[in-house]
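The values are calculated or read from the model by the stated rules, or taken from the named source; none is laboratory data. These numbers come from a predicted model, not from an experiment. Cβ coordinates were reconstructed from backbone atoms using ideal geometry, including for glycine residues, and neighbour counts include every protein chain displayed.
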Amino acid sequence: MELERTAPRTAAPGGSGPDLSDEGRDTLRAEELLAAADRILDSLKPINAQTYLEQNQQRGGE
Amino acid sequence: MKPFLMGSEIEYAVSGRTPHGPLSAREVHTLLEDALRSERACLTDAGAMHAIYLENGARFYLDYGDHPEYATPECMTPVQVTAHDKASEQLLHLARQKVLLSHPQHQITLVKNNLSPTFPDDVTWGNHESYTCWIDQHRAAQALMAHMVSRTVYCGAGCLSGFEGSCAFELSQRARHVYHATGCDTTSDRALFGTRLRKSSDRSDHGWTRAHLITKDSQRSPLGIYLTFGTTGLLFLLLNEGYTLGKGLELQDPVQALRAVSCDPWLRRELLLTDGRRLTALQLQECYLAECERALPGSDLPDWCWEVVKHWKETLAQLSRDPLRLASRLDPYYKLFVFDHELGRANVSWCELRDAIQWLQRLRQDVSGPVLGALLQDDATGLNLEEETSLCAIRHNLGSHAERTLDRLRLAMRLQHYDLHYHEIGGIYDQMLAAGHLQRVVTTPQLIEEATREAPPGGRAALRAECIRLFQDEGWLCEWRYLYHRDKNDFVDLRDPFGHQFHPVHWPTLLQEHPNDHDLLEISLQLGRY
């Protein structure tokens, strides 16, 4: 499977990415992937995110 | 062909809670170790507390810094390393399930990640690689330095970042923790190419050393693990066979180049070479790939080398076209794809996200959790007077665009959660894989399951694994180089990492016959406590 990009890119980190407008064909697979990510993020409250991050704070390794 | 092995050590961040309060990482490790002991044949480590060797030849132990660590058995191919790396995830998942069955009110989180979510500049976990090196390590470092920098395009796990020089995203979690081109420190002054030879088992009179590299990220994507070990292993194999590599690819400043590559997810940054040329990371990788392609025909290199070249070439071609084409196969590009989309939905730019992440970092340093919570929820209920004052000051500092800034902070917080949860065992990566949004590449569930039970066949790890299954619970102790029976004084010599057979011998007799053998003296000291 090859994932095709669908979403228009925002001002990207380190400059803009390649313009795929001529070949950036939408695929169901990419849409499903992003929809799944949307659902996870939309169900998440910032305060719960902060609690999760704090609880998983450790001293580090090596 | 000179004998060749490779392996991986993966550090896990763990946390645990009971209804009565938090568990320490050490307590979580003990619970996991006990669970593993009941799930798999294993022997106690002869050389360390809180450590066991498992029936697949791997070692599970409490490392410095009180976190669980898993060292794969010695492997001969990158597919084996990948399967055994993924097996560590499965074994720890199994152990956690077992713990929760007997302690249903416990909460245990296992994260395969390299950075603290809240203090990424201060706290890091490692994922170390080992390769058999038959040439001087400094020569190997010189030949591979540009590879160590440019392989970042597939050996990172990616992360949100407020790091100066980044625009909110980095390909590598470890890049910011690397300070030198070469060096032997693994805990603070870390180097791109580690030259540490600490133990007698790191070197041999036969001419090999164990090259120990520490800049790779812990990855959930099997393709990333495979490519890291496949390409680096192949290059070591060629060096070991006398090939010259990396000539003309010397970077002017490898450490700065590493950071530049890490902060350039679209892979366009050009890196300055000592001869004045400028090449991108992908171009450097293509140079190394071309060297391998020239070497393979007519050589007696193992079959896995051809497979690596095929995957390597395909990956570089896709990355050249558009990195996001690998979103379903490599961790950093999955994250980049999702985060880019989420920023688009929220109408927030990457630079605005970076500013928000920096804000959050400052807030975490300066204010208490309840104040930060009150700010995010816009609800000061429950704060004491001092905290309320602090909250007012922050709101004042946010200025006239307070609501917009707060929205960005909330978004950054949620994306940071997503970033970390991706690495949690049973978290977003696993959910996306199960839903078919991510690809299984290189390994299969069956290969990974086998790797939780079996060592790679034909080498020392297989001998160790066989001994562990034969000798369990009968007074035997285990170490990478030997097994020892503390009552009978029987000793199984596995000091040759390329050995194929074992014969139990009487330990005192062996010591008498080789009174000046450094290895045996070191082992004798280790066994002294028994």
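Things worth noting here:
- For the range B:431-489, the candidate set comprises residues that are assigned to a strand (DSSP E or B) and in contact with a His (Cβ under 9 Å, 6 or more places away or on another chain); within that set, the residue that is farthest from B:VAL338 (Cα to Cα) is B:TRP476.
- Against the numbered list (1) in a strand (DSSP E or B); (2) buried (at least 20 other Cβ atoms within 10 Å of the Cβ), B:VAL28 comes up short only at (1).
- Considering each residue of the range B:412-421 in turn, at least one proves to be touching a helix residue (DSSP H, G or I) at 6+ places or on another chain (Cβ under 7 Å) and acidic (Asp, Glu).
- Residue within the range B:60-73 that is more than 15 Å from B:ILE225 (Cβ to Cβ), of a type in the set (A, V, I, L, M, F, W, C), touching a residue at least 40 places away in the same chain (Cβ under 8 Å) and surrounded by 20 or more Cβ atoms within 10 Å (Cβ to Cβ) present: no
- The set of residues from the range B:11-24 being in contact (Cβ under 8 Å) with a residue 12 or more places away in the chain and surrounded by fewer than 22 Cβ atoms within 10 Å (Cβ to Cβ) comprises B:SER15, B:ARG17, B:THR18, B:PRO19, B:LEU23, B:SER24.
- The set of residues from the range B:278-320 being under 23 Å from B:LEU5 (Cβ atoms) and polar (S, T, N, Q) comprises just one member, B:SER299.
- Residue that is nearest to B:THR152 (Cα to Cα), among those in the range B:176-193 that are touching an Asp or Glu at 6+ places or on another chain (Cβ under 8 Å) and in contact (Cβ under 8 Å) with a residue 40 or more places away in the chain: B:ARG176
- Sole exception among (1) more than 10 Å from every other protein chain (Cβ to nearest Cβ); (2) closer than 30 Å to A:GLN57 by Cβ; (3) surrounded by fewer than 22 Cβ atoms within 10 Å (Cβ to Cβ); (4) modelled with pLDDT of 95 or more for B:PRO370, by number: (4)
- Those residues of the range B:1-25 which are within 14 Å of another protein chain (Cβ to nearest Cβ) and in a loop (DSSP other than H, G, I, E, B), in sequence order: B:TYR12, B:SER24
- Number of the condition not met by B:ARG220 [criteria: (1) out of contact with any Lys or Arg (no Cβ under 7 Å at 6 or more places or on another chain); (2) buried (at least 24 other Cβ atoms within 10 Å of the Cβ); (3) more than 14 Å from chain A (Cβ to nearest Cβ)]: (1)
- Any hit, the range B:139-162, residues being assigned to a strand (DSSP E or B) and not assigned by TED's automatic domain parsing to the domain that holds B:GLU522: yes
- Taking every residue in the range B:308-319 that is buried (at least 21 other Cβ atoms within 10 Å of the Cβ) and pairing it with any residue that is outside any helix (DSSP H, G or I), at least 6 positions away or on another chain, the pairs with Cβ-Cβ distances below 7 Å are B:LEU319/B:LEU267.
- Here B:GLU33 passes the criteria (1) closer than 21 Å to B:ALA455 by Cα; (2) part of a helix (DSSP H, G or I); (3) over 21 Å from the mean Cα position of the chain (by Cα) except the one numbered (3).
- Residues in the range B:397-440 that are more than 10 Å from every other protein chain (Cβ to nearest Cβ), aliphatic (A, V, I, L, M) and in contact (Cβ under 8 Å) with a residue 40 or more places away in the chain: B:ILE425 alone.
- For the range B:478-527, a tally of residues being within 23 Å of B:MET76 (Cβ to Cβ), at pLDDT 90 or above, more than 30 Å from the chain's Cα centre (by Cα) and not hydrophobic (A, V, I, L, M, F, W, C) returns 0.
- The listed residues are B:HIS417, B:HIS421, and the only one of them that is touching a Gly at 6+ places or on another chain (Cβ under 7 Å) and not hydrophobic (A, V, I, L, M, F, W, C) turns out to be B:HIS421.
- A single member of B:ALA95, B:ALA51, B:ALA87 is closer than 18 Å to B:SER15 by Cβ and modelled with pLDDT of 95 or more, and it is B:ALA95.
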